[in-house]
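Asker: I'd like to ask some things about the structure below.
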Amino acid sequence: MNDEYKKWALVTGGAKRIGATIAETLHNKGFNVAIHYNSSSNAADQLCAQLNAKKQDSSIAIEADLTDQDSLESLIPSLLEKTKRLDVLINNASTFYPTPIEKIALEDWENLFGTNLKAPLFLSKYAAQHLKQTQGTIINIIDIHSKKPLKEHPIYGSAKSGLAMLTRSLASDLAPDVRVNGISPGLILWPDKNPSEQAKNNILQQIPLKKIGTSEDIANAVAFLIEDAPYITGEIIAIDGGRSIGW
């Protein structure tokens, strides 16, 4: 379905929000894009149709539950049956919700660690040999709260801290054939459940640049690390308007 020499990028959680912007940005830069989704099938199909309207057979949607081991094992092989190659893995998919210590259940641990740490690890494992063949790259989307705890998010923060260490470990283990870097977003988009204006103002006062970021800020940094940073590996870039200065 494609020119076997055309570069392919896989974006997990690529149907909405930051993931969709990453997919669109890479597509605009000439990449073919595989859009992973779990439950957002309509959004994934719509984005694929939009990208394929610009360039025929340049995007596919692929479904997988990243908390399920069988799905993790089959995702990369299923993708390669269609694309024949893989150049970029963007571990963007994430699960985020509070887990007050007195209410934590095993399901929370399995869900938050499964999506935020286990999935990036095993997808990197299954993709590594193919990325070595293309001198490819892995980008992990982390979080500035991998460095400083967010109240009542102990599992999420621990998983993202693990993802930061995984990024550095893989950068060492996969060099010189594959570069591995991370991006730690700060406040990029307001939550779907919009906070009050007072809550927004309180947060903005903690950000030196006094504004939230955009999905494009993250996507452009991803593109930079892929295309314009051949001598950078093992780095984690905070994109947070200065919020983590001094953390």
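Asker: Given I245, I203, which one is closer than 19 Å to S146 by Cα and without any contact (Cβ under 8 Å) to a residue 24 or more places away in the chain?
Answerer: Working: I245 fails: without any contact (Cβ under 8 Å) to a residue 24 or more places away in the chain.
Only one candidate qualifies: I203.
Asker: So if I check each of T25, T83, T99, which one is more than 17 Å from the chain's Cα centre (by Cα) and touching a residue at least 60 places away in the same chain (Cβ under 8 Å)?
Answerer: Going through T25, T83, T99 in turn, just one is more than 17 Å from the chain's Cα centre (by Cα) and touching a residue at least 60 places away in the same chain (Cβ under 8 Å): T83.
Asker: May I ask you to say which residue of P208, P230 is farther than 25 Å from K29 by Cα, over 19 Å from the mean Cα position of the chain (by Cα), surrounded by fewer than 19 Cβ atoms within 10 Å (Cβ to Cβ) and without any contact (Cβ under 8 Å) to a residue 60 or more places away in the chain?
Answerer: Working: P230 fails: farther than 25 Å from K29 by Cα.
Just one listed residue meets the conditions, P208.
Asker: When you scan the stretch 25-41, do you find a residue that is more than 20 Å from R85 (Cα to Cα), among the aliphatic types (A, V, I, L, M) and in contact with a helix residue (DSSP H, G or I) (Cβ under 9 Å, 6 or more places away or on another chain), even just one?
Answerer: No, that holds for no residue.
Asker: Among the numbered criteria (1) loosely packed, with under 14 Cβ neighbours inside 10 Å; (2) closer than 25 Å to G157 by Cα, which one does I90 miss?
Answerer: Result: I90 passes all but (1).
Asker: Test of understanding: among E110, E81, E24, E102, which residue is of a type in the set (D, E), within 22 Å of I188 (Cβ to Cβ) and either at pLDDT 95 or above or surrounded by 22 or more Cβ atoms within 10 Å (Cβ to Cβ) (or both)? Step through it out loud before you land on a result.
Answerer: On the way: E110 fails: within 22 Å of I188 (Cβ to Cβ); E81 fails: within 22 Å of I188 (Cβ to Cβ); E102 fails: within 22 Å of I188 (Cβ to Cβ).
Checking each option against the conditions leaves just E24.
Asker: While we're here: Could you figure out which of (1) closer than 26 Å to H145 by Cβ; (2) not in a loop (DSSP other than H, G, I, E, B) isn't true of Y97?
Answerer: Looking at each condition in turn, Y97 falls short on (2).
Asker: In the stretch 13-53, what residues are among the β-branched types (V, I, T), in contact with a strand residue (DSSP E or B) (Cβ under 6 Å, 6 or more places away or on another chain) and more than 21 Å from Q133 (Cα to Cα)?
Answerer: If we filter the stretch 13-53 for residues that are among the β-branched types (V, I, T), which is where we start, we get 18, 21-22, 25, 33, 35.
Restricting the remaining residues to those that are in contact with a strand residue (DSSP E or B) (Cβ under 6 Å, 6 or more places away or on another chain) gives 22, 33, 35.
Residues satisfying the conditions are I22, I35.
Asker: Going by the conditions given, is Q198 over 27 Å from L121 (Cβ atoms), touching a residue at least 24 places away in the same chain (Cβ under 8 Å) and either buried (at least 18 other Cβ atoms within 10 Å of the Cβ) or among the polar types (S, T, N, Q) (or both)?
Answerer: The answer is no for Q198.
Asker: Return the only residue of I245, I155 being surrounded by fewer than 14 Cβ atoms within 10 Å (Cβ to Cβ) and farther than 25 Å from A20 by Cβ. Spell out how you get there, then give the answer.
Answerer: On the way: I155 fails: surrounded by fewer than 14 Cβ atoms within 10 Å (Cβ to Cβ).
Step by step, each of I245, I155 is checked, and only I245 is surrounded by fewer than 14 Cβ atoms within 10 Å (Cβ to Cβ) and farther than 25 Å from A20 by Cβ.
Asker: I want to confirm something. Restricting to the stretch 213-222 and keeping residues that are crowded, with 18+ Cβ neighbours inside 10 Å and of a type outside the set (S, T, Y), which single residue is nearest to D240 (Cα to Cα)?
Answerer: The residue in question is G213.
Asker: Looking at (1) touching a residue at least 12 places away in the same chain (Cβ under 8 Å); (2) touching a helix residue (DSSP H, G or I) at 6+ places or on another chain (Cβ under 9 Å); (3) closer than 19 Å to H145 by Cβ, which is the only condition A223 fails?
Answerer: Result: A223 passes all but (3).
Okay, residues lined up against (1) in contact with an Asp or Glu (Cβ under 6 Å, 6 or more places away or on another chain); (2) buried (at least 21 other Cβ atoms within 10 Å of the Cβ):
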| site | (1), (2) |
| --- | --- |
| K125 | no, no |
| Q133 | no, no |
| I138 | no, yes |
| S146 | no, yes |
| K160 | yes, yes |
| A164 | no, no |
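Asker: Only residues that are in a loop (DSSP other than H, G, I, E, B) and either within 17 Å of T115 (Cβ to Cβ) or in contact with a strand residue (DSSP E or B) (Cβ under 7 Å, 6 or more places away or on another chain) (or both): list them for the stretch 69-90, please.
Answerer: First, pick out the residues of the stretch 69-90 that are in a loop (DSSP other than H, G, I, E, B): 84-87.
Answer for the stretch 69-90, where residues must be in a loop (DSSP other than H, G, I, E, B) and either within 17 Å of T115 (Cβ to Cβ) or in contact with a strand residue (DSSP E or B) (Cβ under 7 Å, 6 or more places away or on another chain) (or both): R85, L86, D87.
Asker: Count, please, the residues in the stretch 52-78 that happen to be in contact with an Asp or Glu (Cβ under 8 Å, 6 or more places away or on another chain) and crowded, with 20+ Cβ neighbours inside 10 Å.
Answerer: Start the filter on the stretch 52-78 by keeping residues that are in contact with an Asp or Glu (Cβ under 8 Å, 6 or more places away or on another chain), which leaves 61, 67, 71.
Cutting the leftovers down to crowded, with 20+ Cβ neighbours inside 10 Å gives us 61.
Qualifying residue count for the region: 1.
Asker: Can you list residue pairs whose Cβ atoms sit under 7 Å apart, with the first residue in the stretch 45-68 being within 21 Å of A119 (Cβ to Cβ) and the second being of a type outside the set (K, R) and at pLDDT below 95? Count only pairs 6 or more apart in sequence or on different chains.
Answerer: Partner pairs satisfying both residue conditions: E63/S41.
The values are calculated or read from the model by the stated rules, or taken from the named source; none is laboratory data. Quick caveat: nothing in here was measured; it's all calculated off a predicted structure. Heads up, the Cβs are rebuilt from the backbone with ideal geometry, glycines too, and the neighbour counts pull from every protein chain shown.
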